[in-house]
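Undergrad: Just passing along the structure, written as structure tokens.
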């Protein structure tokens, strides 16, 4: 006999996407699994559900799953999963694989679920959008999910921004991250650098320079503002070189730190450091009095 249907109202987010999909499946008296319509949930055996092959999320934190399973043991599953019906006794996940796995760990045999009709295209889009709505996604995961929605669901940037509830400029900023070299993408994914650092680096056209700036950012623990200043200096140098300027090139960051240290220790700004090819260079100290010269010489005494 069919189980009693629990009425439940869908909220925003993934529910809004699902509301446009028709649920036109008849319920058979012989079936033990109840197929629910638009605003209802069914208790479905976990053994009757297979995972979503379109699931964009590949890794699940075991510790976080354990914590969720302990919560489910005490409070039950508060937010139902969403599935589509494959046949009279089999279902496939559209969204909620983390909740599905945690429910298994908690020892549940049935799970509350919204049942929908969806083709592969609709299922992919729903899974991707639901994945984006998770708070713990890193910037590269969001970027690649946006790109998949564009490539596989034929969405324009404008339609994509509507789907994910972000303005178009925000979507474009994430998509630009895909152009970064793999090492920088890895650093952003592992939160070695921030989204602000990455947005600064993606504005640099030369991948070799991008990598160099990325390494300097890590080695010198540069803030986003420090990195922006360094990029501006490099752009200024490149602009001068392209115009045939004879002005002195901007010192690399490491040498600039050495020069600043000398100025601080000598108590004078009349110190200059310049570089030539093959690691050659010179340090020049200008003085206007014997007192300044003696102070400079005292610096080298034991």
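Any read-out appearing in this document is the output of simple, stated calculations on the displayed coordinates, not a laboratory observation. Just so we're clear, the structure is a prediction, and the values are computed from it rather than from any experiment. Don't worry about glycine lacking a Cβ; one is built from the backbone with ideal geometry, like all the others, and counts go over all protein chains shown.
Undergrad: For the pair residue 59/residue 90, report the inter-label distance in nm, with labels modelled 7 Å from Cα in the Cβ direction.
TA: Result: 3.1 nm between the two label points.
Undergrad: Mind giving me the nanometre distance, one decimal, between the label points for residue 194 and residue 176, set 7 Å out from Cα along Cα→Cβ?
TA: Calculated label separation equals 1.7 nm.
Undergrad: While we're on this one: With r defined as the distance between the Cβ atoms of residue 294 and residue 257 and R0 fixed at 35 Å, what FRET efficiency is calculated, to the nearest 0.05? Don't skip to the answer; put the middle values down first.
TA: Values: r = 27 Å, r/R0 = 0.76.
It comes out at approximately 0.85.
Undergrad: Another question, then. Using 0.36 nm per residue of separation minus the Cα-Cα distance, give me the extension gain between residue 47 and residue 215 in nm, one decimal.
TA: Separation in residues times 0.36 nm, less the Cα-Cα distance, equals 55.6 nm.
Undergrad: Shifting gears a bit: Please report 85, 116 as a ranked list, fewest other C-beta atoms within 10 angstrom at the top and most at the bottom. Each step should come with its number before you reach the end.
TA: Numbers: 85 20, 116 24.
Ranked by crowding around the Cβ, least crowded first: 85, 116.
Undergrad: If we count other beta carbons within 10 Å of each Cβ, what is the order of 270, 166, 265, fewest first? Could you put the intermediate results ahead of the total?
TA: Values: 270 13, 166 17, 265 10.
Fewest-to-most ranking of 270, 166, 265: 265, 270, 166.
Undergrad: Then there's this: By how many nm would the segment from residue 79 to residue 280 grow when fully extended, if each residue of separation counts as 0.36 nm and the alpha-carbon distance is taken off?
TA: Numbers: separation 201, 0.36 × 201 = 72.36 nm, distance 6.62 nm.
Taking residue 79 through residue 280 to full extension adds about 65.7 nm, to one decimal.
Undergrad: Sort 271, 115 so that the residue with the fewest other Cβ atoms within 10 Å of its own Cβ comes first and the one with the most comes last.
TA: On the way: 271 18, 115 23.
Result, fewest neighbours first: 271, 115.
Undergrad: If each residue of separation counts as 0.36 nm, what is the full-extension length gain between residue 168 and residue 70 once their alpha-carbon separation is subtracted?
TA: 31.3 nm
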